[in-house]
Amino acid sequence: MTEVRNLPCACSNSAIDLGAQIRDELVIDLSAVDNQKKSDPDPIQDYCVADNRNNFFINGVPCINPKEVSSSNFATSALSKAGNTSNTFGFAVTPTNTVNLPGLNTLGLVLVRVDIEANGLVPPHSHPRASEVTTCLKGQLLVGFIDTSSRVFTQNLKPGESFVFPKGLIHFLYNRDSKEPVIALSGLNSQNPGAQVASVATFASKPPILSEILAKAFQISAQEVERMREKLGG
C-alpha cells in the first residue's frame, strides 16, 4: 500500500495569508448573496397581529397581545372595491397591508387588487423584495417581463389564467381592450415587496438626476429630458 504523507508547502507565509484572506472574503460575499435572495424571515410564533398604534420602526410591525387577537384581524374587504384609475397610466393598485389586514404581519406575503381602465397600463416596474403571481379575473390582459439579458417574455391572459413575474425583474400589465376594464389579483411573497416604476424613478426622482446623465443614457436631448420630467411629475 502506498503511504500518503503530508508534504510541506513550498510557499511563503504571505502567500498563505493571502489565500486565507481570499477564502474569507469569498465566504462573506457568498453569505451576502444568500441573504439577499432569501424571502421574509419565518415567524417564530403562530401569528403576530400588527399593533398599528406604535410609531417606532422595526423590520415588520410590533405584535398585539395574543390574548387580544380576534377572527376579524385575519379578514378584510379591502379588495372588494375598485381603485381609482384616473391617473396618467389608467391603473390602480389596492394592496392588503398590516393596517387593513393586521393578521398578515410577519407571514411574508401580500395580496393586491389591480384595476386597469380600457387601454390602461401598469407601466414597467419592479419589486426588489418579491416574486409575483398575477391572475386575470376580468378582461383581456397582456403581461410581460424582461430578464437581465433583455429578453422579453409576454403572454395574453384570459379570466382564470395566471402568469408569474420573477423577483426583481421589470414587468408590466397592459389592457389591450379599448372598451372594457381589466381586474386582476396579484400575490407577492413579501409583506413589503416594494415597487419602483422605471420611468418615474428615472425622470421624477427627488432630487432630480442630472439632465446630462439622462440625455446621454437615453440618447435624447436635454429639452426632451425636461418634457419627460413634466409629464411624469418630476
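The values are calculated or read from the model by the stated rules, or taken from the named source; none is laboratory data. Just so you know, these numbers come straight off a predicted model, no measurement behind them. With ideal geometry, Cβ positions are generated from the backbone for all residues, glycine too; neighbour counts draw on all protein chains shown. What goes into the accessible areas is simple: the full protein's heavy atoms, side chains included, and nothing from ligands, DNA or RNA. Shrake-Rupley method; radii C 1.70, N 1.55, O 1.52, S 1.80 Å.
Listed residues 134, 98; which is modelled with pLDDT under 95, within 19 Å of the chain's Cα centre (by Cα) and β-branched (Val, Ile, Thr)?
Working: 134 fails: modelled with pLDDT under 95.
When all the criteria are applied, what remains is 98.
Report yes if residue 213 is surrounded by 13 or more Cβ atoms within 10 Å (Cβ to Cβ) and either closer than 30 Å to residue 106 by Cβ or of a type in the set (A, V, I, L, M) (or both), otherwise no. First the steps, then the outcome.
Working: surrounded by 13 or more Cβ atoms within 10 Å (Cβ to Cβ): no; either closer than 30 Å to residue 106 by Cβ or of a type in the set (A, V, I, L, M) (or both): yes.
No, not satisfied.
Looking at region 117-129 only, could you name the residues that are closer than 17 Å to residue 143 by Cα and assigned to a loop (DSSP other than H, G, I, E, B)? Can you show your working first?
Initially, region 117-129 is screened for residues closer than 17 Å to residue 143 by Cα, giving 117-127.
Those that are closer than 17 Å to residue 143 by Cα and assigned to a loop (DSSP other than H, G, I, E, B): 117, 118, 119, 120, 127.
Considering only residues that are open to solvent by less than 30 Å² (accessible area, probe 1.4 Å), assigned to a loop (DSSP other than H, G, I, E, B) and in contact (Cβ under 8 Å) with a residue 60 or more places away in the chain, which ones fall in region 91-116?
Those that are open to solvent by less than 30 Å² (accessible area, probe 1.4 Å), assigned to a loop (DSSP other than H, G, I, E, B) and in contact (Cβ under 8 Å) with a residue 60 or more places away in the chain: 98, 105, 108.
Please give the number of the condition residue 121 fails out of (1) open to solvent by less than 40 Å² (accessible area, probe 1.4 Å); (2) over 14 Å from residue 189 (Cα atoms).
All conditions pass for residue 121, except number (1).
Given the residues 29, 40, which is the only one that is at pLDDT below 85 and either open to solvent by 100 Å² or more (accessible area, probe 1.4 Å) or under 30 Å from residue 199 (Cβ atoms) (or both)?
None of the others qualify; the one that does is 40.
For region 111-160, what are the residues that are of a type in the set (Val, Ile, Thr), farther than 20 Å from residue 82 by Cβ and touching a strand residue (DSSP E or B) at 6+ places or on another chain (Cβ under 9 Å)? Steps first, please.
Of all residues in region 111-160, those of a type in the set (Val, Ile, Thr) come to 112, 114, 116, 122, 133-135, 143, 146, 148, 152, 154.
After this cut, where a residue has to be farther than 20 Å from residue 82 by Cβ as well, the list is 133, 146, 148, 152, 154.
Once the filter is applied, which keeps residues that are of a type in the set (Val, Ile, Thr), farther than 20 Å from residue 82 by Cβ and touching a strand residue (DSSP E or B) at 6+ places or on another chain (Cβ under 9 Å), region 111-160 yields 133, 146, 152, 154.
If residue 81 satisfies all but one of (1) part of a loop (DSSP other than H, G, I, E, B); (2) open to solvent by less than 20 Å² (accessible area, probe 1.4 Å), what's the number of the condition it fails?
Residue 81 satisfies every listed condition except (2).
Name, by its number, the condition in (1) out of contact with any Asp or Glu (no Cβ under 7 Å at 6 or more places or on another chain); (2) open to solvent by 20 Å² or more (accessible area, probe 1.4 Å); (3) within 22 Å of residue 114 (Cβ to Cβ) that does not hold for residue 229.
(3)
Which residue pairs have Cβ atoms under 7 Å apart, sit 6 or more places apart or on different chains, and have a first residue in region 188-200 that is at positive phi and a second that is among the basic types (Lys, Arg)?
194/129
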